[in-house]
Every structure is written in C-alpha cells, then in structure tokens.
Amino acid sequence: MRLPTLFLCLVGGVLSAAPAKQPNIVFIFSDDHAYQAISAYGDARKLNQTPNIDRLAKEGMRFDRALVTNSICGPSRAVILTGKYSHLNGFYNNTNSVFNGEQLTFPKLLQKAGYQTAMVGKWHLGTDPTGFDFWQVLPGQGVYYNPPMKTVQGMIKTEGYVTDVITDTSLGWLKNRDKSKPFMLMCQQKAPHREWEPNLKDLNFDNDRVYAEPASLFDNYANRDKVVGENDMTIEKTMVPKDLKLVRPPQLSEAQAKVWDAYYEPRNEAYRKADPKGADLVRWRYQRYMHDYLACVKSVDDSVGRVLKYLEDEGLTENTIVIYSSDQGFYLGEHGWFDKRWIFEESVRTPLLVRWPGVVKPGSTSKALVSNVDYAATFLTMAGVPVPAEIQGRSLTNIMAGQEPADWRKEFYYHYYEYPSPHHVSPHYGIITDRYKLVRYYAHGEERSDLFDSEKDPLELKSFFGQKDYADVQADLEVRLKQLRETLKVPAVDDPMATGERKRNDANGPGGKGKGKGGQKKTVPEAAK
Ligand code: CA
C-alpha cells in the first residue's frame, strides 16, 4: 500500500489536515443534480444507479446536509467562488446580476499559491472567468448538442454531446498541464439542467422503465402560506413541448436528428393517440421527465468515471482530492414541481461527496450543516493557503477528517431573491436547523411565514407557524434568525427585486465598477428557464 502523501496534525488542539505536498483538487460540479438521483443517497424511489459518483461515497465521505445559500444556478456559483453570500458577492439572481470578476475568489488565491487552475463547462456568471490559467465555458446556459464554447481567443465550435465535450476538454487540459505544479480543475457540467436533453447513445438506457412517483406529486399546497402554491414550476402547468421532447432541438445535425426521431417519435405518437388528461397527463409527463433527466444524470456519472480512471491511469489518485457537488438540488416531482429556488429540502440541499485519500475515511458520512459557502475556505485549507477573514464560509477539512468542530454551526441562513420571472417563486429567507425551518416570504410586501418540523412532517406539507405547541420553538427560531442576519451582514432591505432596483449592493458587488442602479449591462442573453 502506498503511503498517504498527506498527514494529520494537531494544531492548538484542533485537528487539521495539512498537506505534506500540495494536493491536486478536482471539483466536479453539475447543474441541478438532485440528491434523489444519486444512488449513494438511497432515495426511497430508487430512481437510478450512479456507480461512479457512488465510488466517491464508498472511498470518501457523503455529506447529508449540504445546503446552498440561494438555490439557483448563477448565485450558487458566485457563492462558491467567493465564499460569501449573495448580498456580499453582488450576484443575487440569474435575471440581471453580473459577476464582478475583480473581487476575491479562491481560484485566484490558489493561483498565487502556485496552483495551475482551469475552469471548463457551465459558468453562467455574465462576465468572463478570472483566476484561471485556462478556461473554456458555455455561453450562458449553453446547449446540449454540438455546443459552441467561449475561450480567451473567442467562440469555438464543438461536435457531440455537451457532457462529453466538457469532459474531453477537462481531460485534455490535464494531459497538457505543467506537471511540476499542483492543479485545481473545475469541471462544471451543464447536465442535468432543463430541458434535460439526453446523450443520443443513452436514449434507450432505461428500457421504458416505469418510475415510482413521489408521495407529493399531487400536492394541493394546503396548510402552508398561500405563496407556496402561487409559483409557476409545476409539471402540470409549466412544462412546455420542448421540455417533454414533443419537439426536436434545433442544434441536432441531420444524422443526430434521425437517432432522436427513432427514439422519441414512436413514443410521442402513442402519447398523441392516448391524449391523456388531468392526473393521467401529469403522470405521463412525470415519466417522460424522469427518463430524460436521469439519462442526463447518466452522462454526468459516466463523466465522473472517466475522470477517476484518468487519475488512476496517471498515478494521481493518492494526491488528488475529488469533490462532487451540484449548484443546488432539484424537484423530481415532489410537490408536483420541477426546478428549485425554495428553501424546502429538495432544492436547498445539494449532493456533496469527497474522496481524499489519507484524510477522509472511506465510507464515512456527515450530518453537519455544511454549505456551498464553505467550499472556498475548504479548497484553500486543502491547499495550505490561509483563509482571508472576509470569507464567510468555514473550512470543511476537519469534518472531512472525522473531527467536527465543537462550535460548528447549529443554524443556517437561506435567502432567495429572483422574482417574479421566470417562475414566480416568492423571494424569501429563513433559518434552518437540524430539525426546523422558519421561513419569511415577502413577495406581497408583507411578512408571511411558515414553520416546518422535519420530525413531524418530513415531506414539508404542513406549517406549524403560530400554533400554540410551537410558541417556544418559534420564538427561539425568530431570535436566532435575527442574529444570523446580523452576523452575516444581511442588508435590512429584503426585497431588492420587488422594488425593481437594488437599494443596497448593486449588481456589480462591492468594489465593482458600478454603473448606477442597474449595474453593468448583461451580456449573456439567456436567463434561467
Ligand atoms: Ca442550477
């Protein structure tokens, strides 16, 4: 057995992982990958198998309460890069925020510490990447088939499926890197983002399997504040023909279109003939959605397998930390929804798995309240780089080493802003503990609240807010929520979107080249769908 190249040391009574040699870091990140669609997380529906991602759980640690601060694509990426909440990094939403690339990010600090850094795939922050020796990114959301990509030299054409293109480019960079330096690669997949368009070779991967439905597929939104039922992200009403593969994507070549038609057309013809209505239509749509979404997940899992194999073949496994995560969770029919945004479990919770030979015990798990705001501090600590005081997150390295600090957070702050388009989800903020969630919704210019108890109501179908039995719990959560907002420096103004302009922290963020209340003009045409 090879000796681990890392060792643990006790510094001031705190166990810390100190690199004997700076480890390489591979961050594999997907878009909208629900933990329910990773077999290592053991979802009751047993929707799919992800053998390669599961390897990271078997050989490393699975985090069971990894939460995001703002459950939507661009903001999550900005939080990860900066280690700060949206109200401090300036990127609140996908609609009109633009990332200020001049601010402090962890890739810049790793570069200074001698790392080679690369960013490949979905970026979605409106401005060009900074802090990377190499980058090749999708413009905006990008497309699934033959995706054009942006580089320092300009736009380039590619051929094939987006997950393969991103993986090939990532591995190509690894092969040609300067082998005298440690590396940090961000391999950021587009899949399985809407419209969930599969790799053509995987179209028949499930042999027309029928998927188990979630218990709340037909949620009527009773017993919670009315805003919960007011959003526009249901399988029943919001899905459009291209989501359902009733129309072909325009990017396919003639040969690719034939493969597409051979799979979808006979099935679409059967659907048109049956012409389902009401609950039957929701059920048909759910099945089609699961087929397409899980096929996209398969491409991501295959990609993880390719990256792990490359590391093995090159003898890099022992000194390379591999992290898998997604920008948030996703609804796979729970509450009748797809999409994300809400503080509710399926969207606020994201997959997080890490393999770190010599430090992380294989097959370990953690229920600590951790977050994407912690990733920057974690990566810096892994590399032996001091974490700047302005970073709000905390390093997860001690937890990864099996030593959760006694003062680890007992409550977590969440804040979602994007409203009203594209999905009419009320802006809201709240506190999450190991058992409870207290939520404040403010779309209507008045404070509305719900209180959830995961022990009594794990599916989050009932609010206990204002109930006598919960008076003490509610009062405690209210105090702690106020304290969290103060500690995290959340501006008193809660609804920058609802007022149509930012009253604090314009879209460029602190230190940015602010151009007035609207911020810089957004250069990327695609908003989140
Ligand atoms: Ca996303």
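Taking helices (runs of 4 or more DSSP H) that do not extend beyond segment 69-122, which have at least 3 residues that are more than 16 Å from the ligand (Cβ to nearest atom) and over 15 Å from the mean Cα position of the chain (by Cα)?
86-89, 106-112
Can you spot a residue in segment 47-61 that is open to solvent by less than 20 Å² (accessible area, probe 1.4 Å) and over 26 Å from L332 (Cα atoms)?
yes
This table checks each residue for (1) within 16 Å of V79 (Cα to Cα); (2) charged (D, E, K, R); (3) open to solvent by 20 Å² or more (accessible area, probe 1.4 Å).
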| site | (1), (2), (3) |
| --- | --- |
| F344 | no, no, no |
| T350 | yes, no, no |
| P386 | no, no, yes |
| G402 | no, no, yes |
| E411 | no, yes, yes |
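With respect to E501, is the statement that it is at pLDDT below 95, within 16 Å of the ligand (Cβ to nearest atom) and more than 14 Å from H428 (Cβ to Cβ) true?
No: the conditions fail for E501.
Being farther than 28 Å from Q103 by Cα, in a loop (DSSP other than H, G, I, E, B) and at pLDDT 95 or above is true for just one of F464, F452. Which residue is that?
Result: F464 is the single residue among F464, F452 that is farther than 28 Å from Q103 by Cα, in a loop (DSSP other than H, G, I, E, B) and at pLDDT 95 or above.
Output the strands (runs of 3 or more DSSP E) that fall wholly within segment 320-397 and possess 3 or more residues being assigned by TED's automatic domain parsing to the domain that holds R55, away from the ligand (no atom under 16 Å from the Cβ) and of a type outside the set (S, T, Y), or say none. Let's see the steps before the verdict.
On the way: elements: 320-326, 352-355, 364-366.
Correct list: 320-326, 352-355.
A quick yes/no check of all residues on (1) open to solvent by less than 40 Å² (accessible area, probe 1.4 Å); (2) within 19 Å of G140 (Cα to Cα):
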| position | (1), (2) |
| --- | --- |
| G160 | yes, yes |
| T163 | yes, yes |
| D168 | no, no |
| N176 | no, no |
| L185 | yes, no |
| Q189 | yes, yes |
| W196 | yes, yes |
| N204 | no, no |
| A215 | no, no |
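Which condition number does H444 fail, the rest of (1) open to solvent by less than 70 Å² (accessible area, probe 1.4 Å); (2) at pLDDT below 95 being met?
(1)
Does V165 meet the test of being in contact (Cβ under 8 Å) with a residue 60 or more places away in the chain and not in a loop (DSSP other than H, G, I, E, B)?
no
When you check D43 against the structure, is it outside any helix (DSSP H, G or I), free of Cβ contacts under 8 Å to residues at least 60 places away in the same chain and away from the ligand (no atom under 16 Å from the Cβ), yes or no?
yes
Please identify the pairs in which a residue from segment 184-201 that is at negative phi has its Cβ atom under 7 Å from the Cβ atom of a residue that is within 12 Å of the ligand (Cβ to nearest atom) and at pLDDT below 95, counting only partners at least 6 apart or on another chain.
From segment 184-201, the pairs are R194/K529.
What is the residue count in segment 240-283 for residues that are within 30 Å of D219 (Cβ to Cβ), among the polar types (S, T, N, Q) and either in a loop (DSSP other than H, G, I, E, B) or open to solvent by 40 Å² or more (accessible area, probe 1.4 Å) (or both)?
0
Just to be sure before I move on: is L110 over 24 Å from V300 (Cβ atoms), of a type in the set (A, V, I, L, M, F, W, C), open to solvent by less than 10 Å² (accessible area, probe 1.4 Å) and in the same structural domain as P147 (by TED's automatic domain parsing) in the structure I sent?
Yes, satisfied.
Which residue, of V227, V304, V300, V210, is within 30 Å of L461 (Cα to Cα), of a type in the set (A, V, I, L, M) and touching a strand residue (DSSP E or B) at 6+ places or on another chain (Cβ under 9 Å)?
Answer to the check: V227.
The values are calculated or read from the model by the stated rules, or taken from the named source; none is laboratory data. Note that this is a predicted model, so its numbers are computed, not measured. Note that each Cβ is placed from the backbone with ideal geometry, even for glycine, and that neighbours are counted across all protein chains shown. These accessible areas exclude ligands, DNA and RNA; they are computed on the full protein's heavy atoms, side chains included. Shrake-Rupley method; radii C 1.70, N 1.55, O 1.52, S 1.80 Å.
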